[in-house]
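Just so you know, all these numbers are worked out from the coordinates, no wet-lab data involved. Just so you know, these numbers come straight off a predicted model, no measurement behind them. Every residue, glycine among them, receives a Cβ derived from its backbone with ideal geometry; neighbour counts consider all protein chains shown.
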Amino acid sequence: MMNTKSKDIGYYYEKFKAFLLVFLMLLCMVQVGILWSSQSGSFPISFLSTFFPGSKTTTQFSIEDSKSDYLLPHRVAISTGFDGEHYIIPNASTAYNTLWNGAKLYLSQALGTRPKQTQLFSEDAWGTLVAKKPYSFEFNTQIPIDIIKWVLNLKISDGEGLSSVYKIVICPDDPDNGYSDTLYIRDDKYIYTYDVPNIKGNALSKDEFKSIYTKQQSNANAKNYKMAIEIFINSPISQDLLLPFTKSTERYADITCIPFPGLDVQTYSISDYDEIAKELFGQDRNDYDPDVDVNGSAVFKKKDSVYRLYKNSIVEYKFTGNQGTIEKPKVLEAYKKAIGFIMESNFRSDLSIYLKSIKEGQNSYIFNFDYAISLGDENGEMPILLKNYEIPNSSNQVDSSISIEASSKRVLHCEWVALSFKVGKSLESYDWTFADMHAKVLKAYTELAKKELYAKDFGIYYVLTNPKIQDHIITPSFVLFTKDGSYDIPMKGNNK
Amino acid sequence: MKSKLLLFITIVAVMLSMFSLSALASSRFVNITRPEGNEVVYKEIYSIGCIGTYDDTTIEFSYKDRVTGKYKPLLSTEGESSFRVDKGNFFGKDVELKYKGENEIRVTSYTKSTKNDPQESDYTITLAEETKKSNWFDDALKWFKGLSLDDKK
């Protein structure tokens, strides 16, 4: 009897040991997973979803879902022909989305083929195309073809012979190309012509053009501009620029710039740290150890990363872990890491973000993004430009709303202007012409008289200058971009 | 020997003055970018554009009256015919063409010191009937209105 009982105990004891072993093995895997995840700078629980092949991690899912939100042309225009009417379509408006969706269809189909013709880029040739053809789309910078292909879900083999896309012109039934539906792409060296047969659906059709054109014609706030090549031929100005030639009356709101909350104190208390951490990290705030640096900036540390919040609302992130083997970065992988970082961030405001530039470093890429603030569907968006904005107690200038340095594996460094904005309810009228504002810039910046001035671009921006701790109001400015930099002049409202 | 030297100096002086005069004549007070030359257009509103090459330059537009044969001020659509432009400034105005067919347009420019010797540039801008061949946009309008050739059939 006693023997049977001890046998039973031994049996259960063995079972318990086996269970414990399995449990410890699982725990071990969890530990490895946590370490793995924290090394890659993502959330510690994200690795769990890899055990379920059918599911995607939150980040991957979000990136796939929202990747096209970060590839937006900063200027979309329609034209009735050379010397005709040219309208800039307000960004983020219904018409803008309709046209850009149509353009993406054209791009997707065109990049599956080889260009029919490739010609060297010239200002005149491109300016004439933009003026003559009905639809044009312009990015702020050259977008590498790998990023375009990823966003448009194209095959690896697509886009052969093309390194990047900067500007696009589309002409259905193009009389200059045998009445084929035609797409023109410009990069820094060439203009590529693509035939786009059998375009799906109604994209960029003639009735779509007519509908948008009629709406623009009847809109009192529409921007009916001239093309530089029509008036200032062979002049020191980018020939595809659209400009108000005669007096244009436009209405813009003032905006209130609201700094990151909780910065207006001399020394941070525990509850201040907690509030800031809540803003920065949300539910993950307990993962970070708060501190303060010698300059009074709040610092939050984790095992392999440091966040620093400066008094002028700049949030800086630094990866402090081991980078592992250093290899030549891939632009698409680095870009994915950069936009993944933006999407995961708690402190992003509800603003549109436009990719401004991409710089290649030795082991990383730097992606610079700018904010644009919505003034309402009909009024579109206004971009925000940073001027003399710098990291406190350093000479580091911050010239983009978000600047992210990333390798193929992770985000290494980020500077983020964590401000929020409130759009004023009333709109102020501004009368202006390009010539008048250009003349004012020359008068205000006397050093320009000595330079060979080439107008690369211009626009109306909200210029963020002196960083302030309190809320402050910003009015629109005219900004001229040359090869050397940007020059801004505040606009004068008709009732100010 | 002395007379040879005098002759040499005289020749050099004459040559120099000839070169400097031609150089002065070729430097324009404004660089007219539109019109580039004589043009045929289809709209009554025409745009004139230029870039200033000297400070404080005055620009005037005029047209040749068909009846009197004399040049008269040509007003911009904003109601002015005389403008001021500085070096490096872009300048442009819309004008309304006076006649169907040929319009003789003159752009006059001068600085304060050359008011009595202005530079004049003459152009013939022909306002043609709207019989130009159809473009993409015209087709779009016809298509929308159901007026395309196919529909007519």
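Observations, loosely collected:
- Scanning residues 5 or more positions from residue A:226 or on other chains, those with amide H under 5 Å from its amide H are A:243, A:245, with H placed 1.01 Å from N in the peptide plane.
- Pairs over the 22 Å Cα-Cα cut-off, from the set B:64/B:112; B:43/B:93; A:387/A:492; A:210/B:93; A:440/A:492; A:189/A:210: B:64/B:112; A:210/B:93; A:189/A:210.
- Helix runs (DSSP H) in chain A reaching 30 Å along axis by Cα, Kyte-Doolittle at least -1.0: A:2-39
- Taking other Cβ atoms within 10 Å as a rough exposure proxy, A:240, A:488, B:56 sort from fewest to most as B:56, A:488, A:240.
- Sequence-distant aspartates and glutamates (8 or more away, or on other chains) whose Cα lies within less than 12 Å of residue B:70: B:104
- Bins of 5 Å from zero: percent of alpha-carbon pairs in the range A:423-490: 3, 14, 25, 22, 16, 11, 7, 2, 0
- Shown in residue order for the range A:318-323 are the 3J(HN,Hα) couplings computed by the Karplus curve 6.51 cos²θ - 1.76 cosθ + 1.60 at θ = phi - 60°: 9, 7, 10, x, 7, 6 Hz (x for Gly and Pro).
- Translational diffusion coefficient of the range A:152-199 (Stokes-Einstein, Kirkwood radius from Cα pairs, 25 °C, 0.890 mPa s): 209 µm²/s.
- In the range B:28-129 the Cα-Cα distances spread across 10 Å bins starting at 0 as 16, 50, 29, 5, 0 percent of all pairs.
- Residues of type aspartates and glutamates that residue B:98 reaches as a straight line, Cα spacing below 13 Å, ignoring anything fewer than 8 places off in the same chain: B:44, B:65
- The phi-based Karplus calculation (6.51 cos²θ - 1.76 cosθ + 1.60; θ = phi - 60°) puts the 3J(HN,Hα) values of the range A:221-237 at 8, 5, 9, 9, 10, 9, 8, 3, 5, 7, 10, 10, 5, 6, 10, x, 8 Hz, whole numbers, x for Gly and Pro.
- Coil-residue trypsin sites (Lys or Arg not before Pro) of the range A:141-170, DSSP, other Cβ within 10 Å capped at 10: A:155
- FRET efficiency for residue A:119 and residue B:99, using Cβ-Cβ distance with R0 set to 45 Å, rounded to 0.05: 0.65
- Nonlocal amide H pairs with residue B:89, under 5 Å, H built at 1.01 Å: B:52
- Hits among aspartates and glutamates - C-alpha to C-alpha of residue A:443 under 18 Å, sequence gap 8 or more where chains match: A:452, A:484, A:488, B:55, B:56, B:86
- Computed about its Cα centre, the charge dipole of chain A is approximately 800 debye, with only Lys, Arg, Asp and Glu carrying charge at their Cβ.
- Inter-label distance, nm, simple model (7 Å from Cα along the C-beta direction), residue A:18/residue A:295: 6.2
- Separation of the range B:74-130 from the range A:367-406 is 42 Å, based on Cα centroids.
- Volume of the Cα convex hull of chain A, divided per residue and given in Å³: 213
- Phi angles of the range A:135-145 translate, via the Karplus equation with coefficients 6.51, -1.76, 1.60 and θ = phi - 60°, into HN-Hα couplings of 10, 9, 9, 9, 8, 6, 8, 5, 9, x, 4 Hz per residue; Gly and Pro are given as x.
- Set A:318/A:356; A:301/A:359; A:303/A:356 screened for pairs whose C-alpha atoms are more than 26 Å apart: A:301/A:359; A:303/A:356
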